[in-house]
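Just so it is clear, none of the values below were taken in a lab; they were calculated from the coordinates. Everything quoted here is computed from the prediction, not taken from an experiment. With ideal geometry, Cβ positions are generated from the backbone for all residues, glycine too; neighbour counts draw on all protein chains shown.
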Ligand SMILES: NC(=O)c1ccc[n+]([C@@H]2O[C@H](COP(=O)([O-])OP(=O)(O)OC[C@H]3O[C@@H](n4cnc5c(N)ncnc54)[C@H](O)[C@@H]3O)[C@@H](O)[C@H]2O)c1
């Protein structure tokens, strides 16, 4: 088992990582002992991992039975309506301000449950028990919570840090391979954006991760969480450095939106977006061509596409990038690579390099 901390002063919190972590009552007891607890999960995850958590909660000495809230599965349920239903259940059960929410599931459950915690009676504390790789290395750490609006993804939300994150690597054993690969995109992102040594480790160990070897998983998740924790501690509310976490995301969002939400998983689009960012950086002379190839090769070995779909021509791609929320003051800003492990946010990029990258992608796909 490994523990690292997100350093946010008096809101500092631990991230516990290891096989069987969610089944250890002592991980949950410090936060939940003697309190009433609502578990927010979904109908896919509950039958797989609900019982272990129930047993763990009982062992942690929570007050009474947990209030069990099972949502339907899917991003389409990440809405204010779902949050309202959760709030109704909490009120009906008379949970008070000292009660806690536990989010058991992927990023969708974590975002919804975290947002419900942020606004229930002006905010109650919550614990994340993420069960997808993406949630374990990204969404459960950092305090962004929220839901979608018909006019935009993640447009309603709040910053609300969890009290603890409990990452049980065993939960990945039931995760569909496609979801695992999508999570690996975010893992690779940390290496590319700020940790060249980790990137090299990933080149050596990507097959062990795909084979779900516990030691390799723990290492990769710990390094990823450490990267995210460091960025979040330095810039909790995304005024500057936190934006570097968006490496590959501007291209990725364009793919997700352009192909229709759900056709590409978020992580799949981010994987392709990072390969595009790497190629564009090489074109601008920021990144050695050999390093861009290394980036692309690793993304490919993780089982991810490196070229955007042929359906999106450059003009459509530009249009889709223009409506991305990373645009500030009307100028498109992109996260590019100055080298492996060295991402930089810039509005001052070479438009020809962008055009070539979009053209090449569309033609080559
Ligand atoms: N808050 C943040 O900082 C942040 C960061 C990145 C992404 N997100 C959000 O996260 C969401 C995506 O998260 P995700 O990729 O985890 O998707 P998800 O929550 O939809 O989970 C993917 C699928 O896997 C299932 N699942 C989860 N755990 C499982 C397990 N152990 N075994 C079998 N099936 C399992 C889920 O039920 C779902 O069907 C998006 O809504 C995105 O906006 C938030």
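A crude spin-label estimate for the pair residue 290 and residue 351, with each label 7 Å from Cα along the Cβ direction, gives 3.5 nm.
Projecting label points 7 angstrom from Cα along Cα→Cβ for residue 159 and residue 94 puts them 3.7 nm apart. Ordering of 331-342, 107-118, 64-75 by packing is 107-118, 331-342, 64-75, highest average first (other Cβ atoms within 10 Å, averaged per residue).
Add -39500 (n - 2.57) for each DSSP H run of 4 or more in the chain, then divide by its residues: what number comes out at 222 nm, to the nearest 500 deg cm²/dmol? Result for the chain, helices only: -14000 deg cm²/dmol.
Segment residue 318..residue 29, full-extension length gain: 99.1 nm, with 0.36 nm per residue of separation and the alpha-carbon distance subtracted. Taking the average, over residues, of other Cβ atoms within 10 Å as the packing measure, peptides 38-45, 308-315, 257-264 rank 38-45, 308-315, 257-264 from highest down.
Counting only DSSP beta bridges whose two residues both lie in region 2-174, roughly 35 percent are antiparallel. Distance between the modelled labels on residue 68 and residue 300, one decimal in nanometres: 4.7 nm (7 Å Cα→Cβ projection).
Inter-part distance, region 250-311 to region 165-182, computed on C-alpha centroids, equals 22 Å.
FRET efficiency for the pair residue 211 and residue 48, taken as 1/(1 + (r/R0)^6) with r the Cβ-Cβ distance and R0 = 22 Å, rounds to 0.65. Just the number, please: Stokes-Einstein D of region 177-364 in µm²/s, Kirkwood Rh from C-alpha pairs, 37 °C, 0.692 mPa s. After rounding, the answer is 201 µm²/s. Peptides 23-33, 214-224, 268-278, 350-360 ranked from most to least packed, by the mean per-residue count of other Cβ atoms within 10 Å: 268-278, 214-224, 23-33, 350-360. Centre-to-centre, using Cα atoms only, region 126-152 and region 49-65 are separated by 22 Å.
Does region 2-174 come out rounded, prolate or oblate by the C-alpha gyration tensor, with a ≥ b ≥ c the root eigenvalues, rounded set by a/c under 1.5 and, if not, prolate when a/b is larger than b/c and oblate if not? Rounded shape, in that the Cα axes give a/c under 1.5.
For the chain, take the alpha-carbon Rg, divide it by the Kirkwood Rh, and send me Rg/Rh.
0.97
Eigen-decomposition of the gyration tensor built on the alpha-carbon atoms of region 39-132 gives equivalent ellipsoid semi-axes of 18, 18, 11 angstrom, largest listed first. Among DSSP beta bridges lying fully in the chain, give the percent that are antiparallel, nearest 5. For the chain, the DSSP antiparallel bridge percentage is about 45. Taking a point 7 Å from the Cα of residue 119 along the Cα-to-Cβ direction, the residues of region 155-191 with backbone N closer than 11 Å to it are 156-158.
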